[in-house]
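The values are calculated or read from the model by the stated rules, or taken from the named source; none is laboratory data. Keep in mind that this is a model prediction, so the values were computed, not measured. Glycine also receives a Cβ, built like all others from the backbone with ideal geometry; neighbour counts cover every protein chain displayed. Note: accessible area is taken over every heavy atom of the protein model, side chains too, but ligands, DNA and RNA are not part of it. Shrake-Rupley method; radii C 1.70, N 1.55, O 1.52, S 1.80 Å.
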Amino acid sequence: MAHAFEETGRAIDAIRALMAAERTGCLRVHVPGRGSASIHMLEGEVIGAATDRDAECILRRLIARGRVPSAEASALLDGKPTMADVERLAGSDRANRLIAGRFRDNLIDFSFDAGRFEFTKMETIRIPHIQLGHDSAGLMRELEVVHGRIVAWMGDRATWHISSGEQTPRSPQQRHIQALCTAGMTLDKLVAISPFFRAQTLVLVVQMIDHGS
């Protein structure tokens, strides 16, 4: 770590205080068992949430969707892929959509569970792929609801066995998840091969369990 983490608790409480104070800087968050993320704030708005695994995670989603040459993508995964690799393989428009999805996924992973964090004040923010066009307070409320829906499935239940139920899935996304589970697999394996980011995959799983599919 570049510096020690000083505060403990839920990062969302610090984020909301930084919003209210219209602060600019980086909130570095560490959640045990999950790693670390950098959440960037610009005058109280959340404009970035990144980890050192973002490019790899996005590349795996592209592979799962069949959107990139599998041989080249697999070769990149054997090393350390970068966002430049993602943009080159996926094209800037698709890459930007996936980066926005990963931004939200990172906020769910690092904002609402107990962790350690420290804020570093900055005069301005210079990061690639700045996320704009949203109301940060509204976004964090929305993501907190999502987190509440899936939090029970983000820990020990990762090793639970998931398989198809009797009911028909209600959406194309649910049908895709059910197809992956036809022969059954553990939840962590499903998350790893899903074409969707973890939070969306877990939301779909919870919806389908509730529905019996």
One quarter of the C-alpha convex hull surface, i.e. the mean projected area of the chain in nm², amounts to 12.4 nm²
What is the calculated FRET efficiency for ALA71 to SER92, with r their C-beta to C-beta distance and R₀ = 25 Å, to the nearest 0.05? 0.65
The chain, accessible surface, carbon-and-sulfur percent (1.4 angstrom probe): 50 percent
Taking only protein heavy atoms and a 1.4 Å probe, what accessible area per residue, in Å², does the chain have with all protein chains in place? 51 Å²
Size of electric dipole in the chain: Cβ of Lys, Arg +1 and of Asp, Glu -1, about Cα centre, debye, nearest 20: 500 debye
Using θ = phi - 60° and Karplus 6.51 cos²θ - 1.76 cosθ + 1.60, couplings along the stretch 140-156 (whole Hz; Gly, Pro as x): 5, 5, 4, 5, 5, 5, 4, 4, x, 6, 10, 4, 5, 9, 9, x, 5
Once phi is turned into ³J(HN,Hα) by the Karplus curve 6.51 cos²θ - 1.76 cosθ + 1.60 with θ = phi - 60°, what whole-Hz value does each residue of the stretch 99-111 show in order, with x for glycine and proline? 4, 5, x, 5, 3, 5, 4, 5, 4, 5, 5, 10, 9
What is the distance in Å between the Cα centres of the stretch 174-197 and the stretch 42-66? 20 Å
Residue-by-residue Karplus 3J(HN,Hα) for the stretch 200-213, coefficients 6.51, -1.76, 1.60, Hz, glycine and proline x: 5, 4, 5, 4, 4, 4, 4, 4, 6, 5, 4, 8, x, 9
At 7 Å along the Cα-to-beta-carbon direction for both MET185 and ALA84, put a label point, then send me their distance in nm to one decimal. 3.2 nm
